[in-house]
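Below is one structure, written out as structure tokens; comments come after it.
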Protein chains: 2
Amino acid sequence: MSEGTREQVLEVAARGRAAAADLAPLPRGVKDAALHAIADALTERAAEILKANEVDVERAREGGTEAYMLDRLSLSRERLEAIADAVRNVAGLPDPVGENVRGYTLPNGLELRQLRVPLGVVGIIYEGRPNVTVDAAALTLKSGNAVLLRGSSSAYDSNVALVNVMRDALAGTGVPVDAVQLVPGRDRESVKHLMRARGLVDVLIPRGGASLINSVVEESTVPVIETGVGNCAVYVDAQADLDVALKILINAKTQRPSVCNAAETFLVHRDIADAFVPLALAALADKGVTVHGDERVAAYSADVVPATEEDWRVEYLSLDIAAAVVDSLEDAVKHIRAYGSGHTEAIVTTSQQAAKRFVALVDSAAVAVNASTRFTDGEEFGFGAEIGISTQKLHARGPMGLPELTSTKYVFTGEGHLRG
Amino acid sequence: MSEGTREQVLEVAARGRAAAADLAPLPRGVKDAALHAIADALTERAAEILKANEVDVERAREGGTEAYMLDRLSLSRERLEAIADAVRNVAGLPDPVGENVRGYTLPNGLELRQLRVPLGVVGIIYEGRPNVTVDAAALTLKSGNAVLLRGSSSAYDSNVALVNVMRDALAGTGVPVDAVQLVPGRDRESVKHLMRARGLVDVLIPRGGASLINSVVEESTVPVIETGVGNCAVYVDAQADLDVALKILINAKTQRPSVCNAAETFLVHRDIADAFVPLALAALADKGVTVHGDERVAAYSADVVPATEEDWRVEYLSLDIAAAVVDSLEDAVKHIRAYGSGHTEAIVTTSQQAAKRFVALVDSAAVAVNASTRFTDGEEFGFGAEIGISTQKLHARGPMGLPELTSTKYVFTGEGHLRG
């Protein structure tokens with residue numbers, strides 16, 4: 001199945017739709033048992049998964065893929081065990097389905113409830129690591145949704161093996177096998193068909209780089225949840241503890257530069273610039289970070305690379321950072337509004353008033369006060385798991401856990417109530 | 001401003017964006033005072049609004065518009081007073097902005113809160129009555145959003161007058177005047193530009209017929225909330241009180257046939273068909289309703305019009321109803337899943353088990369148990385006001401009140417917290 005014709009993709013989507021109808025009313029116990037069956041099967045059938053993965057890794061190596069990418073693609077027995085444990089962890093999380101979000105009796109005696117229900121069919125389009133295949137399947141299954149998985153072609157053989165193992169594990173559990181499906185085809189066309197499957201697919205969640213996400217947002221008629229692009233800023237206010245500011249900046253930039261909640265820009269209030277910028281430049285240089293600064297930052301060191309307009313916008317995901325001196329907290333906010341991606345911005349300040357103002361004015365999914373941007377994460381927030389970080393305002397914003405994979409349904413019960 | 005070039009529409013959207021930034025942090029008192037200023041201005045300047053409305057009505061009359069449509073278009077002093085009162089009512093509702101949706105301290109000591117914040121810039125594309133212009137502006141303003149209003153060209157002069165009066169009323173209140181704007185142009189092109197203004201507009205809410213909504217859903221790159229198409233069904237279960245079933249069916253169909261929560265289909269379990277269908281046909285005929293039935297319904301009366309495939313799908317909005325006899329509750333659900341619009345379905349039953357099963361299996365925004373479908377409504381649900389009824393699963397489902405016009409923002413506060 002290397003093609004993915006429109007008919008094939010729509011057929012898979014229709015099977016997902018039917019599975020979703022059967023999945024929705026299933027009690028938690030059935031879903032959790034199915035998740036444990038999947039976890040067990042992943043270790044039991046490790047050999048065949050690793051064999052398929054070796055095909056992907058070999059193909060990537062021959063194609064000249066860089067070492068760190070090969071590492072991301074590679075599975076091992078240990079990694080598979082960790083993936084299986086993550087599935088068991090999802091089984092242990094509370095079931096969001098059926099939660100009573102609202103409930104009261106109306107003046108006319110009608111009993112009104114708003115219940116959490118699955119979204120239905122969730123399409124996930126993702127790049128890179130094969131562990132996402134299992135993570136996404138576990139989270140969507142737990143939340144009562146059928147999933148259509150469309151991973152990157154580089155991990156195609158691994159994904160086929162993982163999905164086969166998961167589907168086999170579902171047989172006999174009470175969860176329909178078609179709750180977990182791979183979208184046929186490894187070409188771009190199959191993604192297009194998925195994006196036009198409105199009515200069969202309830203939501204698409206693209207996970208990956210900016211170009212993948214933008215193309216899905218542009219072309220999809222299925223509702224999309226944008227995730228993950230993070231051009232995050234750290235703003236050091238006029239009143240800030242220099243040591244705290246320095247530690248937060250270094251942590252946000254260097255603790256794991258390749259992820260969306262890493263800092264890509266720092267902004268410094270002019271009143272503290274003389275004290276802070278030289279310290280920051282030295283510490284960043286020490287960590288091997290290249291600073292792309294405006295003129296006022298460049299004045300402090302010849303090592304600063306002059307920043308272009310592009311530097312303010314870009315998500316480096318590398319040991320690079322853009323930097324500017326600003327005249328006020330408001331100017332920092334203006335910069336963030338103009339260039340940020342609405343993911344996470346941090347303020348370092350000892351002023352309660354400045355913190356409050358920054359929180360009120362910054363229009364991002366998360367705002368950190370005296371903390372590293374790196375904490376914007378479902379696990380860190382205590383959600384137990386994460387399907388992605390939404391940078392849009394509709395439906396879900398910020399880290400998305402299980403409740404964010406649900407919708408709601410109103411139920412009202414009367415005794416022959418009529419509208420007058 | 002009868003054209004609406006791309007530049008003009010984007011300029012208006014950009015002004016809305018700037019206004020939204022100023023609006024977001026405003027306290028409730030400022031917004032409520034602005035709403036009262038709008039309400040007062042609507043009565044004080046009634047003469048000029050009515051004069052503009054007369055232009056629309058005259059143009060429509062000359063164009064041969066039907067009497068009931070002319071009535072919907074027409075304003076009067078009394079109607080304006082009612083519109084102003086509705087604005088005062090919105091001022092009295094709780095402010096959703098700033099509400100603490102979630103809040104706890106993480107194990108590492110970070111204080112995490114999830115706060116309700118405005119969406120930003122909301123575009124409303126609507127047909128018909130000019131009162132929507134004011135309702136939509138009041139609800140978006142109260143929830144801290146800037147609104148871009150795009151009404152029907154038939155109400156263009158009325159809308160221009162209403163928006164002018166509202167904008168004048170905002171001057172000096174602290175709410176930016178550009179919080180309320182009319183999208184320039186009365187042609188289809190201006191709607192297209194609005195639908196492509198991603199990044200400037202946060203959400204589009206089309207309110208109107210199926211063709212308007214479908215075209216927005218198909219073409220928009222701005223996220224859309226689908227509203228209002230209602231192909232609602234009443235299912236009479238094998239065990240049902242015939243009198244209750246009859247009253248609910250008649251109320252759901254005839255109490256106000258032109259609205260989205262009116263019933264368009266009824267389904268009857270075969271075990272109760274002999275008892276119920278003749279009663280239903282007689283009562284519906286009595287109210288002037290044409291029944292489009294399947295063969296099993298048609299067997300009860302020569303007046304039944306044979307139903308076509310189209311009859312199962314259509315939202316009549318008139319004194320017509322489709323009808324079928326089904327073999328089971330599951331078949332009723334199958335029919336609804338195949339043909340319904342996901343708005344509201346009702347079951348009439350004395351069986352607790354059947355009610356529970358219907359609620360679990362039906363995948364619609366609202367499910368009514370022994371009550372008329374007509375209750376799916378923001379006012380009836382106690383929300384105080386309604387911007388529309390969402391029939392999609394993302395973000396909001398069912399009647400949307402003020403909280404549904406907001407997003408959220410995570411704020412986490414530490415003391416120099418770093419990720420390890």
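Suppose every Lys and Arg Cβ carries +1 and every Asp and Glu Cβ carries -1, with no other charges. What dipole size does region B:232-375 come out with about its Cα centre, to the nearest 20 debye?
That gives a dipole near 460 debye.
Got a sec? Charge dipole of region B:14-122, +1 on Cβ for Lys and Arg, -1 for Asp and Glu; which of B:L75, B:P118, B:G29 is way out at the positive end?
Of the options given, the answer is B:P118.
Given the options A:V165, A:A138, A:P94, identify the residue whose Cα lies farthest towards the positive end of the charge dipole of region A:68-172 (+1 on Cβ of Lys, Arg; -1 on Cβ of Asp, Glu).
Among A:V165, A:A138, A:P94, the one farthest towards the positive end of the dipole of region A:68-172 is A:P94.
Given a cut-off of under 8 Å on Cα pairs at least six residues apart, what relative contact order in percent is computed for region A:69-191?
Details: 160 pairs, mean separation 26.3, N = 123.
RCO, region A:69-191: 21 percent.
Can you bin every Cα-Cα distance in the protein assembly as shown into 20 Å intervals starting at zero and give me the percent of pairs per bin, rounded to whole numbers?
Going from the shortest bin to the longest, the percentages are 15, 44, 34, 7, 0.
What ranking do A:120-132, B:362-374, B:79-91, A:13-25 get when scored by the average of other Cβ atoms within 10 Å per residue, highest first?
Those peptides, ordered most packed to least, come out B:362-374, A:120-132, A:13-25, B:79-91.
What pairs from A:K31/B:K393; A:K31/A:K51; A:K393/B:K142; B:K31/B:K192 go past 24 Å between their alpha carbons? Please report the intermediate quantities before stating the final value.
On the way: A:K31/B:K393 22 Å; A:K31/A:K51 29 Å; A:K393/B:K142 18 Å; B:K31/B:K192 31 Å.
From A:K31/B:K393; A:K31/A:K51; A:K393/B:K142; B:K31/B:K192, over 24 Å: A:K31/A:K51; B:K31/B:K192.
State whether region B:183-333 is rounded, prolate or oblate according to the following rule on the C-alpha gyration tensor (a ≥ b ≥ c being the square roots of its eigenvalues): a/c under 1.5 gives rounded; otherwise a/b larger than b/c gives prolate, and the remaining case gives oblate.
Because a/c hits 1.5 or more and a/b exceeds b/c, region B:183-333 counts as prolate.
Provide the packing ranking of A:66-77, A:281-292, i.e. peptides ordered by the mean count of other C-beta atoms within 10 Å per residue, highest first.
Listed from highest to lowest mean packing, they are A:281-292, A:66-77.
Excluding B:L73 itself, what net charge comes from residues whose Cβ is under 14 Å from its Cβ, given Lys and Arg +1 and Asp and Glu -1?
Neighbour charge sum, excluding B:L73 itself: -3.
Can you return the lysines within cross-link range of B:K287? Criterion is Cα-Cα under 24 Å, with same-chain partners fewer than 8 residues away left out.
Hits, sequence-local ones excluded: B:K247, B:K253.
Hey, how many Å between the Cα centroid of region A:272-331 and the Cα centroid of region B:51-116?
46
Might you report the magnitude of the Cβ-based charge dipole of the protein assembly as shown about its Cα centre, with Lys and Arg at +1 and Asp and Glu at -1, to the nearest 20 debye?
For this selection, approximately 640 debye.
Between chains A and B there is a rotation axis; tell me the chain A residue with the nearest beta carbon and how many whole Å away it sits.
Of all Cβ atoms in A, the one closest to the rotation axis yields A:H395, 2.
Relative contact order for chain A: what is it in percent, counting Cα pairs under 8 Å that are at least 6 residues apart?
18
If you count, for each residue, the other Cβ atoms within 10 Å and average over each peptide, how do A:195-205, B:258-268, A:180-190 line up from highest to lowest?
Details: A:195-205: 22.2, B:258-268: 24.4, A:180-190: 20.2.
For the peptides A:195-205, B:258-268, A:180-190, the packing ranking is B:258-268, A:195-205, A:180-190.
Provide an ascending nm list, one decimal, of label-point separations from B:G420 to the equivalent residue in each further copy; define each label point as 7 Å from Cα along Cα→Cβ.
So the label point of B:G420 gives 6.5 nm to the other copies.
Place the label 7 angstrom along Cα→C-beta at B:E309 and in each other copy, then list the distances from the first to the rest in nm, shortest first.
5.3
Note the angle between two axes, namely the Cα long axis of helix A:77-91 and the longest principal axis of the Cα atoms of chain A, as a number of degrees from 0 to 90, rounded to the nearest 10.
The helix A:77-91 is inclined about 70 degrees to chain A.
Please list the non-local residues whose amide H lies under 5 Å from the amide H of B:S407, H modeled 1.01 Å from N, same-chain partners needing a gap of 5 or more.
Amide H neighbours of B:S407, under 5 Å, 5+ apart: B:V117, B:L119.
Under 1.5 on a/c is rounded, so check that first for chain A, then, if it is not, pick prolate when a/b is larger than b/c and oblate when it is not; a ≥ b ≥ c are the square roots of the alpha carbon gyration tensor eigenvalues.
Oblate is the answer for chain A, as a/c is 1.5 or above yet b/c matches or exceeds a/b.
Please report, to two decimal places, log10 I(q)/I(0) for region A:1-109 at q = 0.16 Å⁻¹ as given by the Debye formula with identical point scatterers on the Cα atoms and no solvent.
Values, matching the q order: -1.04.
Applying the Karplus parametrisation 6.51 cos²θ - 1.76 cosθ + 1.60 with θ = phi - 60° to the phi angles of region A:124-137, what ³J(HN,Hα) value in whole Hz is obtained for each residue in order, glycine and proline being reported as x?
Taking θ as phi minus 60°, the curve returns 10, 10, 9, 10, x, 5, x, 5, 4, 4, 6, 3, 5, 5 Hz for region A:124-137.
Before rounding to the nearest 500, sum -39500 (n - 2.57) across all DSSP H runs of length at least 4 in chain A and divide by the residue total; then give [θ] at 222 nm in deg cm²/dmol. Spell out each step's value before the answer.
On the way: 15 runs with 179 residues, N = 420.
Result for chain A: -13000 deg cm²/dmol, rounded to the nearest 500.
Take the alpha-carbon centre of region B:354-412, take the same for region A:119-162, and report the distance between them in whole Å.
30
Measuring nothing but label to label, 7 Å from Cα along Cα→Cβ, what are B:V55's distances to the other copies in nm, shortest first?
Computed spacing set for this position: 7.0 nm.
Need one value for A:21-28: mean number of C-beta atoms belonging to other chains within 10 Å of its residues' C-beta atoms.
Per-residue shielding by partner chains comes out at 2.
Between A:T105 and B:E310, what FRET efficiency follows from the Cβ-Cβ distance if R0 is 41 Å, with the result rounded to 0.05?
Step by step, r from the Cβ atoms, then E = 0.55.
Amide H to amide H under 5 Å from A:V101: which residues, 5+ apart in sequence or cross-chain, H placed 1.01 Å off N in plane?
So A:V101 has HN proximity to A:Q114, A:L115, A:R116.
Could you list which residues have their amide H under 5 Å from that of B:N145, counting only those 5 or more apart in sequence or on another chain, with H placed in the peptide plane?
Amide H neighbours of B:N145, under 5 Å, 5+ apart: none.
Extending each Cα 7 Å along its Cβ direction at A:V30 and B:R59, get the distance between those two points in nm, one decimal.
It works out to 5.7 nm between the two label points.
Here, each number is a calculation from the coordinates, and none is a lab measurement. Please read these numbers as outputs of a predicted model, since none were measured by experiment. Methodologically, a virtual Cβ is constructed for each residue, glycine included, from the backbone with ideal geometry; neighbour enumeration extends over all protein chains shown.
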